[in-house]
């Protein structure tokens with residue numbers, strides 16, 4: 001399978017363990033986290049992730065959207 005990098009942007013509720021659940025799901029789905037950048041306001045976290053893997057990033061987005069504290073996921077760049 002061909003390896004690819006992609007960048008995701010996520011909006012998460014400011015709930016305990018939300019980021020940990022996202023990172024755990026990413027790892028279990030066979031992706032490697034290359035970079036993480038996070039910012040927060042009073043209500044939510046905004047997280048940018050750079051990932052490396054061999055699977056379709058759109059499938060990962062759909063899986064992440066099912067998590068309770070995830071409000072939005074989008075692929076910013078897939079290479």
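When the residues of segment 36-66 are filtered to those that are crowded, with 17+ Cβ neighbours inside 10 Å and out of contact with any strand residue (DSSP E or B) (no Cβ under 6 Å at 6 or more places or on another chain), the one that is farthest from residue 26 (Cα to Cα) is 53.
Listed by first and then second residue, the pairs with beta-carbon distance under 6 Å, at least 6 apart or on different chains, first residue in segment 4-19 and on the phi > 0 side of the Ramachandran plot and at pLDDT below 95, second surrounded by fewer than 17 Cβ atoms within 10 Å (Cβ to Cβ) and outside any strand (DSSP E or B), form an empty list.
For segment 9-25, residues that are surrounded by 12 or more Cβ atoms within 10 Å (Cβ to Cβ) and out of contact with any helix residue (DSSP H, G or I) (no Cβ under 7 Å at 6 or more places or on another chain) total 10.
Yes/no per residue for (1) within 17 Å of residue 5 (Cβ to Cβ); (2) not in a loop (DSSP other than H, G, I, E, B):
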| residue | (1), (2) |
| --- | --- |
| 52 | yes, yes |
| 58 | yes, yes |
| 63 | no, yes |
| 67 | no, no |
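Scanning segment 7-34 for residues that are within 21 Å of residue 59 (Cβ to Cβ) and part of a strand (DSSP E or B) returns 7, 8, 9, 10, 11, 12, 32, 33, 34.
The values are calculated or read from the model by the stated rules, or taken from the named source; none is laboratory data. Because the structure is predicted, anything quoted here is derived from the model rather than measured. Using ideal geometry, Cβ is built from the backbone for each residue, glycine included, and neighbour counts are taken over all protein chains shown.
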